[in-house]
Amino acid sequence: TLSALREARKRGARTLAVTNVVGSSAARECDHALYIRAGPEIGVAATKTFASQLVALNLLALGTAGGSDGREVIAALRNLPGDVQAVLDDSRAEAVAEEYVDAEGYFFIGRRHQYPVALEGALKMKEITYKHAEGFAAGELKHGTLALVTENTPVSAVVTGDDEAATKTVGNVKEVEARDAPVVAVTDGQSDVERYADHVLEIPETHPRAAAVLANVQLQLAAYHVADKLGRSIDKPRNLAKSVTVE
């Protein structure tokens, strides 16, 4: 990251660091810094810093480009502490982990705002469970990935809202279900994805940009419980370091 930053500056680009640590290397070398102020992240696998980066980047996007739904986004972001607590209080992630702790692998799919959440869900699963996990854009499911889907590879689908993207992702879920793969739906209940899911991880209904944060919490909880049941070192996974110092 620092090498790319230095190359960008060499070519005359203005730079901005989105970072949690005041005075970090990135902050010192950038023209500007946006601090997410999430507090110390003890675990090697980032959790709250990822969620805080989502919030910070949403605010940056609003401040830069505006948008007709700016007030709704701000209101949804302000409600996140209570919504996250509701997810933590009522999550069924442990039951999902119990069901699929011995799975051969895990797949995660999502569209638009939920695609990065699928990637993050897969990353957390592989980092702390040491099991194969991959995230995909839901529309890419048929480009090879579907050949890997079996009854021993649960697919977590992040589906929020009731727009065209949600409808298409539900269509992908139907294809997975038809091939006997277990389906875990992370949803706010606005679509009918629950009809095709073996398990449901619910999140409160909110603005799509805030929904990504809540869906992320459910997937992080699922990874945590799988790792816990496998007896993994959750805060200090093997072979991983908090700071990567080699290219």
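Pro182 meets all of the listed conditions (1) out of contact with any Phe, Trp or Tyr (no Cβ under 9 Å at 6 or more places or on another chain); (2) of a type outside the set (A, V, I, L, M); (3) in contact (Cβ under 8 Å) with a residue 60 or more places away in the chain but one, namely (1).
In the stretch 212-230, the condition of being over 19 Å from Glu120 (Cβ atoms) and part of a loop (DSSP other than H, G, I, E, B) is met by at least one residue.
Taking the options Val213, Val186, name whichever one is in the same structural domain as Lys126 (by TED's automatic domain parsing), crowded, with 23+ Cβ neighbours inside 10 Å and closer than 19 Å to Ser52 by Cβ. Steps first, please.
Values: Val186 fails: closer than 19 Å to Ser52 by Cβ.
The conditions single out Val213.
Tallying residues that are modelled with pLDDT of 90 or more and exposed (fewer than 12 other Cβ atoms within 10 Å of the Cβ) within the stretch 7-25 yields 6.
All conditions in (1) under 14 Å from the mean Cα position of the chain (by Cα); (2) assigned to a loop (DSSP other than H, G, I, E, B) hold for Gly121, with the sole exception of (2). With respect to being over 22 Å from Val213 (Cα atoms) and either charged (D, E, K, R) or assigned to a loop (DSSP other than H, G, I, E, B) (or both), Arg14 fits the description. Of all the criteria given as (1) touching a residue at least 60 places away in the same chain (Cβ under 8 Å); (2) touching a Leu at 6+ places or on another chain (Cβ under 7 Å), the one not satisfied by Ala26 is (1).
The values are calculated or read from the model by the stated rules, or taken from the named source; none is laboratory data. As the structure is a computational prediction, the values presented were derived from the model and not from experiment. We place every Cβ from the backbone using ideal geometry, glycine too, and count neighbours over all the protein chains shown.
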